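Presented below is the structure to which this report refers.
Bear in mind these aren't lab numbers, they're just calculated from the coordinates by the rules spelled out. Keep in mind it's a predicted model, so treat the numbers as computed, not measured. Cβ coordinates were reconstructed from backbone atoms using ideal geometry, including for glycine residues, and neighbour counts include every protein chain displayed.
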Amino acid sequence: MSRFVFGVDIGGTTVKLGLFDTEGNLNDKWEIPTRTENAGENILPDIAKSILDLMNKKNISKEDVEGIGIGAPGPVDESGVIHKAANLGWGEFSIKDTLEKITGLKVMAGNDANVAALGEMWKGGAAGCKDIVMVTLGTGVGGGIIVNGRILSGYLGAGGEIGHIHVNDDEEECCGCGKKGCLEQYSSATGITRMGKKVLSSCDDPSALREGDVNAKTIFDAVKAGDKVADRIADIYGHYLGEALANIACVVNPEVILLGGGVSKAGQVVIDYVKPYFDRRVFHGSSQTRFALATLGNDAGIYGAARLVLS
């Protein structure tokens, strides 16, 4: 008889859900709105209802379900307690205990970026590896670190916050976290756009970027077309990210570093600007670390959440 597991990835606007068998095959996936009003009090009940409704529709009994894995945008410790998720309106409480009481099913919870890294290790770009660093280059810079097949979550679940590594003492603008000079300010999609506009305003060199929108996609498209100003912008991104990843490699010695998120859709070029700076700074013990692109896209979170239950 088939056994099932649910993977849940909570985002600021939508919750992604997936039904998997225990071999990791995705049988169904869907989304529901993330209702953040009233301090996010409806989010977990909505998830529970959606899962139980699907189980009823597909005639899946609770005895056939291994459990529910869930990734949330905030520090989540190993006991399933989240320590504040501002964009959901959540304070500190146990996701695990709360959802278990509503559903009657086993629940495992983790930080969304860490969980996505687990998904990529299980069925994505790092399949077959046990020691990985995943960097998610989106609106911000997220990170997930897997050591010997286990998420490195840290004391209060804030392990792997790669985006807030300090990389520039001279930065005058604040990061979203309130500090200055964070990696996120240079290597996120937002950061690349910010740096692009700074470079363009500081020179008169011809560039296709002066003719339309300036964002991470148009910058890397221009790089591929041989645009010299775009090359300069991409070099700033690669410099900060490559050196930060070399420092991380000194601590965790990963087999593979995965680049994911919206910026990674540009392809191999996002690695090409990072690896030379990584190679220049990395300790020789991690010189064999390879780079790869994440492959699961927006499904990484639900894969990893399902794997939490099966680990």
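Among the GluC sites (Glu not before Pro) within the stretch 148-248, which fall in a DSSP loop and have no more than 13 other Cβ atoms within 10 Å of their own Cβ?
Loop-located and lightly packed - GLU172, GLU173.
Determine the calculated [θ] at 222 nm for the chain from helices alone, applying -39500 (n - 2.57) to every DSSP H run no shorter than 4 residues and normalising by the residue count; nearest 500 deg cm²/dmol.
Helix contribution divided over all residues of the chain: -11000 deg cm²/dmol.
Taking the Cα centre as origin and putting +1 on Lys and Arg beta-carbons and -1 on Asp and Glu beta-carbons, what dipole magnitude results for the chain, to the nearest 20 debye?
For this selection, approximately 400 debye.
For the stretch 114-141 and the stretch 187-210, compute the distance between their C-alpha centroids and round to whole Å.
So the two Cα centres are separated by 29 Å.
Order by neighbour count: MET121, MET134, MET195, fewest other Cβ atoms within 10 Å first, most last.
Least to most surrounded, the residues fall as MET195, MET121, MET134.
Amide H neighbours of ARG3 under 5 Å, counting only residues 5+ apart in sequence or on other chains, H built in-plane at 1.01 Å?
Close amide H contacts, sequence-distant or interchain: THR22.
Please label the shape of the chain as rounded, prolate or oblate, based on the square roots a ≥ b ≥ c of the eigenvalues of the alpha-carbon gyration tensor (a/c under 1.5 means rounded; beyond that, a/b larger than b/c means prolate, else oblate).
Prolate, because a/c is 1.5 or more and a/b exceeds b/c.
Quick one: Karplus J couplings for the stretch 126-134, per residue in order, coefficients 6.51, -1.76, 1.60, θ = phi - 60°, nearest Hz, x for Gly and Pro?
10, 4, x, 9, 10, 10, 9, 10, 10
Whole-Hz Karplus ³J(HN,Hα) for the stretch 84-101, in order, using 6.51 cos²θ - 1.76 cosθ + 1.60 and θ = phi - 60°, x for Gly and Pro?
Coupling constants for the stretch 84-101: 6, 9, 4, 6, 9, x, 8, x, 9, 6, 8, 4, 4, 5, 5, 6, 5, 5 Hz.
Structure shown: which of LYS228/LYS265; LYS228/LYS275; LYS58/LYS130 lie over 25 Å apart, alpha-carbon to alpha-carbon?
LYS58/LYS130, as the Cα separations exceed 25 Å there.
Over the chain, with a Gaussian network built from C-alpha contacts below 10 Å, which listed residue (GLY142, GLY176, GLY163) shows the highest mean-square fluctuation?
GLY176
Cβ under 15 Å from ILE132's Cβ, ILE132 left aside: what net charge do those residues give with Lys, Arg +1 and Asp, Glu -1?
Once all neighbours under 15 Å are counted, the net charge is +2.
If amide hydrogens are placed 1.01 Å from N in the peptide plane, which non-local residues have theirs closer than 5 Å to the one on GLY125?
Under 5 Å from the amide H of GLY125: THR295, LEU296.
Nearest 10 degrees, 0 to 90: what angle lies between the long axis of helix 43-57 and the longest principal axis of the chain (Cα atoms)?
60 degrees
Helix 228-252 versus the longest principal axis of the chain: what angle, 0 to 90°, nearest 10, using Cα atoms?
It works out to around 50 degrees.
What ranking of ASP53, ASP231 emerges when the number of other C-beta atoms within 10 Å of each C-beta is taken as an exposure proxy, fewest first?
Ascending number of Cβ neighbours within 10 Å: ASP53, ASP231.
Need the list of aspartates and glutamates near LYS180 for cross-linking: C-alpha distance under 16 angstrom, and skip anything on the same chain fewer than eight residues off.
By straight Cα distance, LYS180 reaches GLU161, ASP169, ASP170, GLU171, GLU172.
Would you grab the residues whose amide H sits under 5 Å from the one on ASP28? Only those 5+ places off in sequence or on another chain, please, with H modelled 1.01 Å from N.
LEU19
Rounded to whole Hz and in sequence order, give me ³J(HN,Hα) for the stretch 186-194 from the Karplus expression 6.51 cos²θ - 1.76 cosθ + 1.60, θ = phi - 60°, writing x for Gly and Pro.
Values per residue, Gly and Pro as x: 10, 10, 7, 4, 5, x, 5, 4, 4 Hz.
Report the charge-dipole magnitude of the stretch 129-295 in Debye, nearest 20, computed about the Cα centre from +1 at each Lys and Arg Cβ and -1 at each Asp and Glu Cβ.
Its charge dipole is roughly 420 debye.
Hey, got the Cα dimensions of the stretch 144-251 along the principal axes, in Å, largest first?
49, 29, 22
Arrange VAL251, VAL263, VAL115 by Cβ neighbour counts within 10 Å, fewest through most, would you?
So the ranking, lowest neighbour count to highest, is VAL251, VAL263, VAL115.
Rounded, prolate or oblate: which fits the stretch 1-151, taking a ≥ b ≥ c as square roots of the Cα gyration tensor eigenvalues, rounded meaning a/c under 1.5, else prolate when a/b beats b/c?
Taking the square roots of the gyration eigenvalues as a ≥ b ≥ c, the stretch 1-151 is oblate.
Of VAL214, THR295, ALA189, which is farthest on the positive side of the dipole of the stretch 129-295, counting Cα position, with +1 on Lys and Arg Cβ, -1 on Asp and Glu Cβ, and the Cα centre as origin?
It is THR295.
In nanometres, what is the gap between the two model label sites at HIS166 and ASP53, each 7 Å from Cα along Cα-to-Cβ?
The two pseudo-label positions are separated by 4.8 nm.
Enumerate by residue number the trypsin sites (Lys or Arg not before Pro) in the stretch 7-85 meeting two conditions: DSSP loop (anything except H, G, I, E, B), and at most 13 other Cβ atoms within 10 Å of the site's Cβ.
Answer in residue order: LYS58.
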